[in-house]
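Here is the structure we will look at.
The values are calculated or read from the model by the stated rules, or taken from the named source; none is laboratory data. Source: prediction; values computed, not measured. Note that we place each Cβ from the backbone using ideal geometry, even for glycine, and neighbour counts take in every protein chain shown. Calculation scope for accessible area: heavy atoms of the full protein, side chains included, ligands and nucleic acids excluded. Shrake-Rupley method; radii C 1.70, N 1.55, O 1.52, S 1.80 Å.
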Amino acid sequence: ATTAITCFTRGLDLRKETEDVLCPSSCPLWQFYVFGDGVYASLSSVCGAAIHRGVITDTGGAVRVQTLPGQENYPAVNANGIQSQALSRWASSFSVTRIKSPVLEAVGRAVSTARPSTGKRPKKQLDKKAGNKDCKADIAFLLDGSYNIGQRRFNLQKNFVGKVAVMLGIGTEGPHVGVVQASEHPKIEFYLKNFTATKEVLFAIKELGFRGGNSNTGKALKHTAQKFFSLENGARKGIPKIIVVFLDGWPSDDLEEAGIVAREFGVNVFIVSVAKPTTEELGMVQDIGFVDKAVCRNNGFFSYQMPSWFGTTKYVKPLVQKLCSHEQMLCSKTCYNSVNIGFLIDGSSSVGDSNFRLMLEFISNVAKAFEISDIGSKVAVVQFTYDQRTEFSFTDYMTKEKVLSAIRNIRYMSGGTATGDAISFTTRNVFGPMKDGPNKNFLVVLTDGQSYDDVRGPAAAAQKAGITVFSVGVAWAPVDDLKDMASEPRESHTFFTREFTGLEQMVPDVIRGICRDFLDSRQ
């Protein structure tokens, strides 16, 4: 029986002494790596060697591959549109011959030219389009295009990325990939949305030209984390964002800041380092710990090493397995997409209508910073006087636009101030239904005066229920009350301003406080 192989399969990927294989059609000639003539180094592409030898044409077909011992001085010869390369020595070789049986010839040709529309097993075809649904990932491959790697190894790098792409199972419902090239300046070669079929991705990878320049990997990583994963460029909500950084040798710039930015943006950074710096070279490396500082978590999972660009096939599968381990993507959850924020706002008569608007503006500006969706962060608002009114709960609005519009439409109640009661009401009715959810819970209390009831007991109960409380006081709000409500450490969870107009300056501090607590809770 013949084994179907890909354009990339090399002699050393085959296991038997003699093996009959079927080459696909439409492998672009310039993507083949072939070393030698007649006797080919096992590093060579099998189908490439078969075309070079004249056994088949680029329409594909059946080939018999015979394993041979290694030798020295494989020559470089141009034949049938393929330029083979010279190689001084390799451990094993192979030869290619036509398969004599005419039946196989016919089958080989039929298979290679058959279009999917022959009506045979159409179901398989559909699945292929959907891709590997078990692998949920939006991946940017950050290729090293610097002078460090050089043209030849750059091509080997492209081959490796091509193999990873094939094994990932790219498809409409599977992984999506894009490529960025790092050199002096980063260049986004193609985005996630550009191709959703493996074949198109392979073609785009093959088309990439080598740029050259310093390996400013840090600059490229930061650029990719900030610009690559926007929804308009094809990033999907709720799918882990991953950057796989390939580094030949070491970076020319600093990776630490880029790593921080990537983590802030919820991106999981993997580093594949090839040909690590030798002891003599370490003196040239800006920061020896560059890998640990860039990866998502320094736990060994996100770093990957290959000794060289040769013989990388065995490294493909373990890397793909990592990229498809959804639950290991520790950086996907950020404070921006994994919190529930309840705002408890004072509607008492001392506030007044225009100041009440300034309070609404404040909560809008805090809410704006978060990624609100059914699988992301959520916002709820309760207004209180002696009474409480749930303006909207966590499950009412699933987009930022709807939340902001609901906040704009809140009507001022006017009345007394019973803050303690309001905290109990919110803990029970608004946070109660969310208590087993995946998000971390935050309550932001805004008040402008003394509460008529006790705030300490209800606030302690809220904190016991896993809610972190921030208190924001304006004008006549007594600082002791604010501190009694706030979570520990109280200093960093209590805010105060004399004037309602001062609320605006506090927005970034409240957002930062929420993110700091979120990160502390994850450590």
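Quick one: Karplus J couplings for the stretch 455-470, per residue in order, coefficients 6.51, -1.76, 1.60, θ = phi - 60°, nearest Hz, x for Gly and Pro?
9, 5, x, x, 5, 5, 5, 4, 5, 5, 7, x, 9, 8, 9, 10
Is there a pair in Lys136/Lys163; Lys133/Lys400; Lys136/Lys368; Lys128/Lys227 whose C-alpha atoms are over 20 Å apart, and which pairs would that be?
Violating the 20 Å Cα-Cα cut-off are Lys133/Lys400; Lys136/Lys368; Lys128/Lys227.
Hand me the chymotrypsin sites (Phe, Trp or Tyr not before Pro) from the stretch 300-376 located in a DSSP loop with no more than 16 other Cβ atoms within 10 Å, in residue order please.
Details: sites: Phe301, Phe302, Tyr304, Trp309, Phe310, Tyr315, Tyr336, Phe343, Phe356, Phe362, Phe370; in loops: Phe301, Phe302, Trp309, Phe310, Tyr336, Phe370.
Taking the stretch 300-376 and a limit of 16 other Cβ atoms within 10 Å, the loop chymotrypsin sites (Phe, Trp or Tyr not before Pro) found are Phe301, Phe310.
How many nm separate the modelled label positions at Glu232 and Lys100, each set 7 Å beyond the Cα in the direction of the Cβ?
Modelled inter-label distance: 6.5 nm.
Using the alpha-carbon centroid of each, what span in Å lies between the stretch 153-224 and the stretch 353-386?
40
With a/c under 1.5 counting as rounded, go ahead and sort the stretch 138-328 into rounded, prolate or oblate using the C-alpha gyration tensor (a ≥ b ≥ c being the square roots of the eigenvalues; past the cut-off, prolate if a/b is larger than b/c, else oblate).
rounded
Starting from 0.36 nm per residue, how many nanometres of slack lie between Thr18 and Lys206 once their C-alpha separation is accounted for? Don't jump to the answer; show the numbers that get you there.
Numbers: separation 188, 0.36 × 188 = 67.68 nm, distance 3.00 nm.
In short, 64.7 nm is gained.
Which one of Gln71, Thr385, Val474 is farthest out on the positive end of the charge dipole of the chain, using unit charges on Cβ (Lys, Arg +1; Asp, Glu -1) and the Cα centre as origin?
Going by the charge dipole, the pick is Gln71.
At 1.4 Å probe size, with every protein chain present, just tell me what the per residue accessible area of the stretch 339-520 comes to in Å². Mind dumping the intermediate values first?
Working: 7860 Å² over 182 residues.
I get 43 Å² per residue for this part.
How much length is gained if the chain between Glu504 and Val285 is pulled fully straight, taking 0.36 nm per residue apart and subtracting their Cα-Cα distance, in nm to one decimal? List each step's numbers first, then the result.
Working: separation 219, 0.36 × 219 = 78.84 nm, distance 4.45 nm.
Net length gain for the segment: 74.4 nm.
Would you list, by chain and number, the lysines whose Cα falls below 21 Å from the Cα of Lys100, excluding same-chain residues fewer than 8 positions away?
Output for Lys100: Lys16.
Under 1.5 on a/c is rounded, so check that first for the stretch 378-432, then, if it is not, pick prolate when a/b is larger than b/c and oblate when it is not; a ≥ b ≥ c are the square roots of the alpha carbon gyration tensor eigenvalues.
Numbers: a/c = 3.65, a/b = 1.44, b/c = 2.54.
Oblate, since a/c reaches 1.5 and b/c is not below a/b.
Would you mind calculating the gained length between Asn214 and Asn78 on full extension (0.36 nm times residue separation, minus the Cα-Cα distance), in nm to one decimal? Please list the in-between numbers first.
Values: separation 136, 0.36 × 136 = 48.96 nm, distance 3.33 nm.
Once the chain is fully extended between Asn214 and Asn78, it gains 45.6 nm.
Pop the C-beta distance of Lys368 and Lys317 into the FRET formula with R0 = 45 Å and round what comes out to the nearest 0.05. Spell out each step's value before the answer.
Working: r = 43 Å, r/R0 = 0.96.
Result of the calculation: an efficiency of 0.55.
Scanning the chain for GluC sites (Glu not before Pro) in DSSP loops with at most 13 other Cβ atoms within 10 Å, what's the longest stretch left with none? Walk me through the numbers before you get to the answer.
On the way: sites that count: Glu17, Glu280, Glu499.
Longest run free of exposed loop sites: 18-279.
Can you list which of the trypsin sites (Lys or Arg not before Pro) found in the stretch 351-444 are DSSP loop residues with at most 14 other C-beta atoms within 10 Å?
Details: sites: Arg357, Lys368, Lys378, Arg389, Lys400, Lys402, Arg408, Arg411, Arg428, Lys435, Lys440; in loops: Arg411, Lys435.
Of the trypsin sites (Lys or Arg not before Pro), the ones in loops of the stretch 351-444 whose Cβ has at most 14 other Cβ atoms within 10 Å are Arg411, Lys435.
Please state the relative contact order of the stretch 3-98 as a whole percent: Cα pairs under 8 Å, 6+ residues apart?
On the way: 254 pairs, mean separation 31.4, N = 96.
Once divided by the residue count of the stretch 3-98, the mean separation gives 33 percent.
Considering only DSSP beta bridges where both residues belong to the chain, give the percentage that are antiparallel (nearest 5).
Numbers: 31 of 84 bridges.
Once the DSSP bridges in the chain are tallied, antiparallel ones form about 35 percent.
State to the nearest 20 debye the size of the charge dipole of the stretch 339-520 about its Cα centre, where the only charges are +1 on K and R beta carbons and -1 on D and E beta carbons. Provide the component values of the computation, followed by the final result.
On the way: 18 positive and 24 negative charges, 79 e Å.
Dipole size: approximately 380 debye.
Accessible area of Ser373, 1.4 Å probe, to the nearest 10 Å²?
10
Positive end of the charge dipole of the chain (Lys, Arg +1 and Asp, Glu -1 on Cβ, about the Cα centre): tell me which of Asn409, Tyr191, Ser350 has its Cα farthest that way.
Farthest towards the positive end: Tyr191.
For a test of the definition: using alpha carbon positions, the gyration tensor, and the 1.5 limit on a/c, classify the chain as rounded, prolate or oblate.
On the way: a/c = 3.67, a/b = 2.49, b/c = 1.47.
It is prolate, given that a/c is not under 1.5 and a/b is the larger ratio.
Expressed as a whole percentage, what fraction of the accessible surface of the chain belongs to carbon and sulfur atoms when a 1.4 Å probe is rolled over the protein heavy atoms? Working shown, then result.
On the way: 12250 of 23620 Å².
Carbon-and-sulfur percentage of accessible area, whole number: 52.
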